[in-house]
Amino acid sequence: MDGPTGHDVKGSGGLGRCKGVEQAATEFASFYAADRDECLRVVLLNVGSRPLAEDLVEEAFTRAWMAWPKVRQHPARRAWVVRTALNAHISWLRRRRREVALAGHDVAAADRPDPVLDGDLATALRGLALRQREVVTLRLLLDLDTAATARLLGISPGTVGVHLHRALATLRQHLSDPSRSEQELSR
Amino acid sequence: MNDDTALADIRGALTEARDGLGHVRLDTPAEQLMARGRRRRARRRVVPAAAGAAAGSLALGLALGLPAGPQPVHVSLAAWSVSTSSGGTVTVTFHELAHPGLLRRTLAKAGVPALVSFRQSCATQPQTQALASTGAATGTPDSLVIQPASLPAGSKLIISILPTDNAGGPLPLPTFNFGLLAAGQTATCSSAGTLHVSSPG
């Protein structure tokens, strides 16, 4: 019987690995092409600055690629990217706070005003506590159900409900009294 | 209004706001992000290996009782590289602002005592002028050429690089800030960086 030689076996293994890498790259590129704009818009609503949102989403997709064997099997990959971007935003804010505390003069360039981002609801969303904002983003903007949201955030479904209830109460107040967002921001 | 109604109302309003950003698109190619990820993975593999090699060399030197003088150094990381020439000149080239501690140790091995900071500006104008007057280092926007023999005894080279905002652009442009910390002096660091690239006087 003609079996494969040692060389053949090694060669096919290498080829298999190459194909695996190519397949992963193709899958990731396809995921990125399909979801990048949507992720950017959701993150932009959360942070209010387009250059920052772009940086955060690129960072999140880079991390998704680095952890692609895990992320590709995630049931809510887009939500994973958005949550990673929001976490990166928190790290960015902490870094910036330290740097500003030292000198207090590093002021980011202002973006061109956008009526959507300057709207009452977007302003109120950005004023929510991080966890409430994450829950609102995942549940309402990315249409995850309570169980999936709880799994992604590592909290119980009941806690998701509590955060959502509080967030809705705040957002509802802002919707009924738009001047409140401006007052709180100017404090 | 109960929670279900509020949920529906706010979901509708948020979706409308998101859809109002339909003109917002991310143009960065996937290949660029994948390349960034690959560079990071490579760096994570290289840095512990470089640190391990440096520690190993030091341990071997101590074990053999070798003098702890300057040694030829050729370290190339994704973030920066340090290379010693046959004439004793040490060249540092910067690509990314990362691993300042490892850079300080690598320079020490090459005979350049240094204070390295990648988040704060640590050299004052007199310290920058002091460095320029020795001719011990020449800076370019992304590299520094050092003559260790020209550094005064007991002094330290200050290398501080401060990432600065390039008016909202995606990539920060760093401010390079080099100086000389005389023996017994202490450095005062702040995030207030101004461009002070040294040049021999």
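What to note about this one:
- Using θ = phi - 60° and Karplus 6.51 cos²θ - 1.76 cosθ + 1.60, couplings along the stretch A:24-32 (whole Hz; Gly, Pro as x): 4, 5, 5, 4, 5, 4, 5, 4, 4
- Shown is the FRET efficiency for B:Ala153 and B:Ser85, computed with R0 = 22 Å from the Cβ-Cβ distance and rounded to the nearest 0.05: 0.50.
- Net lengthening on full extension, A:Arg72/A:Glu22 (0.36 nm per residue, minus Cα-Cα): 16.6 nm
- Förster radius 30 Å - calculated FRET efficiency between A:Ala33 and A:Trp92, Cβ distance, rounded to 0.05: 0.70
- Which of B:Ile158, A:Ile155 has the fewest Cβ neighbours within 10 Å, and the rest in rising order: A:Ile155, B:Ile158
- Spatially, the stretch A:141-165 and the stretch A:40-55 are offset by 22 Å when compared through their Cα centroids.
- Cα-projected label distance for B:Ser133 with A:Thr159, points at 7 Å along beta-carbon direction, nm: 6.1
The numbers here are math on the coordinates, done by the rules we state, and not lab data. Small disclaimer: the values here were computed from a predicted structure and weren't measured. So basically every Cβ, Gly included, is an ideal-geometry build from the backbone, and we count neighbours across all protein chains shown.
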